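Trainee: I am attaching a structure below and will ask some questions about it afterwards.
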Amino acid sequence: MGSIEQGPARPLLGRRGFVAGAAALGAGVGLSATALATRNSGSAGADTSLTEKDIWLRDQDLKFIGTEETFTTPELLKLNSLNQDHIAFLTEIGLADLGARRLRDMDQGGLDVQILSAHTPSVQNVPGQRGIDLAHRLNRMLVEGPMAERPDRFQAFATLPLQSPEAAADELERSVREDGFLGALTNGHITSRYLDDPRFEPVLARAEALDVPIYLHPGYPSDEVFRTYYRTTRSEYTKEYQDYIFSGSGLGWHQEVLVQCVRMIAYGVFDRFPRLKIIIGHMGEGLPFYYERIANDMGEPTEKSLEKPFAQYFQDNFWFTTSAFFQDDLLHLLLKYVSVDRVMFATDYPFIDSIKQGTDWFRAVDLPREDKEKIAFRNAEKLFGITV
């Protein structure tokens with residue numbers, strides 16, 4: 001079956017398998033720091049006097065905070081996995097490990113702190129009291145487990161029962177005030193609705209009042225969207241689960257997060273909650289490529305309905321992470337449009353080859369030391385109020 005990553009009741013080839021295939025085809029996804037440095041050594045602005053060894057040795061003392069680092073539990077595995085093979089794969093890559101193996105991988109890569117978040121789609125497809133109770137148990141498990149045993153290495157985003165918005169807001173406040181959580185992480189749509197829907201305003205209002213961010217992680221599309229955009233009737237093309245990859249890590253879920261961001265701006269979320277903080281991963285989920293088109297084409301029709309120019313909300317309300325997209329060109333494109341003060345390091349552990357792959361890549365990136373420190377750990381320290 002190949003690698004299977006995240007997702008409820010769907011056979012899904014994991015991002016690791018997809019990235020490996022893309023790299024084999026020369027797509028340049030997930031290249032090592034050495035390969036990136038060699039490829040970029042003749043690019044404009046690069047320091048061509050540096051040897052490959054110089055690049056490898058550059059900034060070895062950098063501290064790192066990983067802002068998108070995933071975990072699971074036996075209960076979540078059962079809830080969000082396809083079958084026993086899927087569970088075996090997720091266990092094999094270390095998703096359920098919150099102890100020695102994870103710490104070893106962090107130490108090997110020089111990652112000082114992981115901000116933990118629950119396996120997609122977490123509990124947001126679980127309605128009623130069952131979802132409320134499960135979210136609470138997951139959050140308490142972190143507090144009583146890794147966050148208690150290694151408070152110097154593990155922080156966390158709260159899991160929220162989003163099908164019960166008032167209860168989700170209360171769990172967010174409890175988790176932040178009592179247990180020291182840094183915010184919350186969501187996973188795509190919630191029963192075909194996004195966070196701009198009025199029913200989720202209690203959660204947004206509470207996050208703003210608490211001054212903590214919400215991380216918009218991708219989720220898989222609704223069944224209707226999946227059938228319309230990603231499903232084919234030609235069965236010979238689905239044997240390797242390519243329709244599910246197409247709807248997920250192959251394209252769909254990155255577009256889905258960007259659509260949600262545009263919806264939140266266009267439908268006035270940040271006018272109603274001007275201090276709301278939103279984080280998105282994967283080097284902006286395609287935003288850098290589309291930035292000028294979105295800013296220009298969405299600016300005119302929203303000029304009278306919004307309080308600010310459309311693009312200004314990306315500058316005022318959003319932060320961005322590098323999770324799983326270890327590519328110089330994408331980072332520099334992102335920095336063309338957003339401040340270096342709004343970019344944070346992440347690896348997307350364990351759905352990458354290794355943490356070291358990400359930290360080695362970033363150490364070799366050609367940026368001023370001050371900017372590298374901001375991305376590696378200082379911006380996260382400031383946003384979350386933590387210190388490494």
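Please treat every number below as a calculation from the coordinates, not as lab data. Just so we're clear, the structure is a prediction, and the values are computed from it rather than from any experiment. FYI the Cβ positions are ideal-geometry reconstructions off the backbone, even for glycines, and counts take in every protein chain you see.
Trainee: Please report the antiparallel percentage of the DSSP beta bridges confined to the range 148-303, to the nearest 5.
Mentor: 10 percent
Trainee: Return W361, W319 ranked ascending by Cβ neighbour count within 10 Å, so the fewest neighbours appear first. Let's see the in-between values first.
Mentor: Details: W361 24, W319 21.
Exposure proxy ranking, most exposed first: W319, W361.
Trainee: Grab the DSSP H runs of the chain that are 4 residues or longer, score each as -39,500 (n - 2.57), total them, divide by all residues and round the 222 nm result to the nearest 500 deg cm²/dmol.
Mentor: Computed ellipticity for the chain at 222 nm equals -12500 deg cm²/dmol.
Trainee: Which whole-angstrom value gives the distance between the alpha carbon centres of the range 311-336 and the range 274-305?
Mentor: Comparing the Cα centres of the range 311-336 and the range 274-305, I get a distance of 11 Å.
Trainee: In nm, to one decimal, how far is the A205 label point from the A148 one, both placed 7 Å along Cα→Cβ?
Mentor: Those two pseudo-labels are separated by 3.4 nm.
Trainee: Only bridges whose two residues both fall in the range 15-384 count here: according to DSSP, what percent of them are antiparallel, nearest 5?
Mentor: Percentage antiparallel, nearest 5: 5.
Trainee: Among E240, E300, rank each residue by its count of other Cβ atoms within 10 Å, from fewest to most, as a rough exposure measure.
Mentor: By the 10 Å Cβ count, ascending: E300, E240.
Trainee: Can you tell me the length gained on complete extension of the stretch R275 to E92, counting 0.36 nm per residue apart and subtracting the Cα distance? Walk me through the intermediate numbers first.
Mentor: Details: separation 183, 0.36 × 183 = 65.88 nm, distance 4.06 nm.
Working it through step by step, the gained length comes to 61.8 nm.
Trainee: Work out, in µm²/s and without decimals, the Stokes-Einstein translational diffusion coefficient of the range 200-245 at 4 °C, 1.567 mPa s, Rh from Kirkwood over C-alpha pairs.
Mentor: 95 µm²/s
Trainee: For the range 88-139 and the range 157-211, what is the separation of their Cα centres, given in Å?
Mentor: Cα centres, the range 88-139 to the range 157-211: 18 Å.
Trainee: Neighbour counts of other C-beta atoms within 10 Å: give me H119, H332 arranged from fewest to most.
Mentor: Sorted ascending by nearby Cβ count, the order is H332, H119.
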